[in-house]
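*Asks:* The structure under discussion is supplied below as structure tokens; questions concerning it will follow.
The values are calculated or read from the model by the stated rules, or taken from the named source; none is laboratory data. All values reported here derive from a predicted model rather than from experimental measurement. Ideal geometry is used to build each Cβ from the backbone, glycine not excepted, and the neighbour counts take in all protein chains shown. Note: areas computed on protein heavy atoms with side chains; ligands, DNA, RNA excluded. Shrake-Rupley method; radii C 1.70, N 1.55, O 1.52, S 1.80 Å.
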Amino acid sequence: MSELVTNKITPGTGSSDTVTLGDSGDTFSIPSGATIANSGTATGFLPAAGTSGNILTSDGTNWASAAAGGGLKLIQETSITAVANIDMTGFDDSKYSGYKLMIENMRPASDAYLYLRTSSDGGSSFNTNAGYPNGYAYSGKSFHQGSAANDVSDNSSGSFFRMSVLNLRADGHGVFNGTWDILGTPSTGRTSICGVTTIAPSVGGVHTQIIGGRLEALTLTNAIRLSMSSGNFQAQGVVRLFGYTTTV
């Protein structure tokens, strides 16, 4: 085995600025701890200077990210304060195939249910129509070990999505956590929402809830509003909106 020691390899005249290393089937090994850097903006092999990542695709994107497929991208994160409404915007169906809403450690200022309404004008106004054909329909069930299941449903008079089967508690024992998928938001589809939550409606009791519904009208959804059935939120917890992406 021989060793070539040099600081630079330059293509020869008439080679179209191309250097070929080895032949088809050859293997080139890079020792552990070695670094190969792209000092400019060239693509097709290494990350651009000042960036991290792996081999690039022909369009300059990170190969490892492209191979990984889709994922979740954080659109908005809002710390909950003592307000009546929490609005989440940033919906963009040209970028996202659907959305995920996450609520952590939320409590109402007084015992109440959690409601959600949708907007088709970016949050300037929110739909309050009840029932078919332009309003909301939902159903859900709450489970607790050793107790009968609780049900809730409304497909005619609710002017909102109800996000909790049971009343949410305001005291220190009650804390609300959950995630929901929001799908069908383009104007050609009915917006549907479904999720799983946990709440403590009584001291020492923890209930798991499954709840879902949809907005009947074939209208665009590009913002949502969370509110309590009465009163404000407590200044506690966080709300996050994510978008499902087809590439990371």
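*Asks:* Among the residues of segment 189-206, which ones are at pLDDT 90 or above and either among the β-branched types (Val, Ile, Thr) or open to solvent by less than 20 Å² (accessible area, probe 1.4 Å) (or both)?
*Replies:* Thr191, Ile193, Gly195, Val196, Thr197, Thr198
*Asks:* Continuing with this model, one more query. Ile182: over 25 Å from Gly122 (Cα atoms), in contact (Cβ under 8 Å) with a residue 12 or more places away in the chain and buried (at least 20 other Cβ atoms within 10 Å of the Cβ), yes or no?
*Replies:* It is false that Ile182 is over 25 Å from Gly122 (Cα atoms), in contact (Cβ under 8 Å) with a residue 12 or more places away in the chain and buried (at least 20 other Cβ atoms within 10 Å of the Cβ).
Yes or no, residue by residue, for (1) of a type in the set (Val, Ile, Thr); (2) closer than 18 Å to Gly184 by Cβ:
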position: Ile75; (1), (2): yes, yes
position: Ser79; (1), (2): no, no
position: Ala84; (1), (2): no, no
position: Met88; (1), (2): no, yes
position: Ser94; (1), (2): no, yes
position: Ala112; (1), (2): no, no
position: Tyr115; (1), (2): no, no
position: Thr128; (1), (2): yes, no
position: Tyr132; (1), (2): no, yes
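*Asks:* For residues that are surrounded by 15 or more Cβ atoms within 10 Å (Cβ to Cβ), closer than 16 Å to Asp111 by Cα and of a type outside the set (Ser, Thr, Tyr), tally how many sit in segment 154-176.
*Replies:* 11
*Asks:* Take the residues of segment 105-136 that are part of a strand (DSSP E or B) and not hydrophobic (A, V, I, L, M, F, W, C): which is surrounded by the most Cβ atoms within 10 Å (Cβ to Cβ)?
*Replies:* My answer is Tyr136.
*Asks:* Could you list, in sequence order, the residues of segment 78-104 that are modelled with pLDDT of 95 or more and open to solvent by 60 Å² or more (accessible area, probe 1.4 Å)?
*Replies:* Within segment 78-104, Ser79, Thr81, Ala82, Asn85, Glu104 meet the criteria.
*Asks:* If you don't mind, there's one more thing I want to ask. May I ask you to list the residues in segment 68-127 that are of a type in the set (D, E, K, R) and more than 17 Å from the chain's Cα centre (by Cα)?
*Replies:* Across segment 68-127, the qualifying residues are Arg107, Asp111, Arg117, Asp121.
*Asks:* Within segment 137-144, identify whether any single residue is part of a strand (DSSP E or B) and free of Cβ contacts under 8 Å to residues at least 24 places away in the same chain, and answer yes or no.
*Replies:* No, segment 137-144 contains no residue that is part of a strand (DSSP E or B) and free of Cβ contacts under 8 Å to residues at least 24 places away in the same chain.
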